[in-house]
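See below for the structure under consideration.
The values are calculated or read from the model by the stated rules, or taken from the named source; none is laboratory data. Bear in mind that the values here come from a model prediction, so they are computed numbers and not experimental data. Using ideal geometry, Cβ is built from the backbone for each residue, glycine included, and neighbour counts are taken over all protein chains shown. Only protein heavy atoms, including side chains, enter the accessible area calculation; ligands, DNA and RNA are left aside. Shrake-Rupley method; radii C 1.70, N 1.55, O 1.52, S 1.80 Å.
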Amino acid sequence: MHTILQTKNLCKYYGTGENQVKAVDNINISIEQGEFAAIVGKSGSGKSTLLHMLGGLDTPTAGSVLVRGKDISKMKEEELAIFRRRKIGFIFQAFNLVSSINVWENIVLPLGLDDQPVNEAYIKELVQTIGLEKRLHHLPNALSGGQQQRAAIARALAAKPDIVLADEPTGNLDSRTSEEVIALLKMSAHKYGQTIVMITHDEEIAQTADRIMVLEDGQVVNFE
């Protein structure tokens, strides 16, 4: 096992003086390749801000985010955009599927944006793993919530990213579908050797992770 994702004295502050909010306050963490880490904490504890910085969607006020030892917080915007597309998969609570194109087109969309060839054998295997092979030609609005989230997972894994970042991926799903989606996500990541970092409010889902990181007021109070 080796460290794939690391932060050093990571900070994100908003405002100044008495009005300053320390959304992320001096966080130092290391996550190993292939690990499944859950981030939990009350609303406003800094979970989403931390996840966005881990994925290069937000820039730190101070400190650094290292992916395979490379400091993404120092990258220029264009270099960072390419790095994100190739190395990091994102899964959001709102699915974020494009409603006017079918499931297959949604899944391969990130590859097209990056001018990457579609490895059809891999995508078909991925689709089979998550159980969507009979829904590929449907538009997203013809799918259930669980099926839409499965499509979003397949899209996140399509480019074979090293890291998958999931922001409340089961927030819009019922408990049974949530469990299925998390099991699929874990199985897919294990099968393809990916690292998952997930925010969740659901204590039961958090317990399925290898390690749980607890945030309070922008600081890690426990990570084991």
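Things to note:
- Selection status of residue 124, among the charged types (D, E, K, R) and not in a helix (DSSP H, G or I): no
- For the residues 55, 63, 34, 17, the requirement of being modelled with pLDDT of 95 or more and at positive phi singles out 63.
- Scanning region 130-150 for residues being closer than 25 Å to residue 116 by Cα and in contact (Cβ under 8 Å) with a residue 40 or more places away in the chain gives a total of 6.
- Of all residues in region 152-180, those that are on the phi > 0 side of the Ramachandran plot have Cβ atoms under 8 Å from Cβ atoms of residues that are part of a helix (DSSP H, G or I), 6 or more apart or on another chain, in 160/122.
- Strands (runs of 3 or more DSSP E) completely within region 32-104 that count 2 or more residues being closer than 28 Å to residue 173 by Cβ: 36-40, 88-92
- The residues in region 151-177 that are closer than 19 Å to residue 119 by Cα, assigned to a helix (DSSP H, G or I) and open to solvent by 30 Å² or more (accessible area, probe 1.4 Å) can be counted, and the count is 1.
- Residue ID - nearest to residue 193 (Cα to Cα), chosen from residues in region 1-52 that are open to solvent by 40 Å² or more (accessible area, probe 1.4 Å) and hydroxyl-bearing (Ser, Thr, Tyr): 3
- Flag for residue 180 being surrounded by 16 or more Cβ atoms within 10 Å (Cβ to Cβ), touching a helix residue (DSSP H, G or I) at 6+ places or on another chain (Cβ under 7 Å) and of a type in the set (Asp, Glu): yes
- Going through (1) of a type in the set (S, T, N, Q); (2) farther than 20 Å from residue 189 by Cα; (3) without any contact (Cβ under 8 Å) to a residue 60 or more places away in the chain one by one, residue 30 falls short only on (2).
- Exactly one residue out of 66, 97, 111, 5 is under 30 Å from residue 128 (Cβ atoms) and touching a residue at least 60 places away in the same chain (Cβ under 8 Å), and it is 5.
- Region 193-211 - residue that is farther than 22 Å from residue 172 by Cβ and more than 15 Å from the chain's Cα centre (by Cα) and, of those, surrounded by the most Cβ atoms within 10 Å (Cβ to Cβ): 211
- Of everything in region 53-63 that is within 19 Å of the chain's Cα centre (by Cα) and not hydrophobic (A, V, I, L, M, F, W, C), the residue that is surrounded by the most Cβ atoms within 10 Å (Cβ to Cβ) is 55.
- Counting only residues that are open to solvent by 60 Å² or more (accessible area, probe 1.4 Å) and part of a loop (DSSP other than H, G, I, E, B), region 183-192 holds 0 of them.
- Once region 212-224 is narrowed to residues that are farther than 16 Å from residue 53 by Cα and either among the β-branched types (Val, Ile, Thr) or part of a helix (DSSP H, G or I) (or both), the residue that is farthest from the chain's Cα centre (by Cα) is 221.
- Reported count of residues in region 109-150, each being open to solvent by 30 Å² or more (accessible area, probe 1.4 Å), within 23 Å of residue 190 (Cβ to Cβ) and among the small types (Gly, Ala, Ser), is 2.
- Within region 70-91, being open to solvent by 60 Å² or more (accessible area, probe 1.4 Å) and touching a strand residue (DSSP E or B) at 6+ places or on another chain (Cβ under 8 Å) holds for 74, 87.
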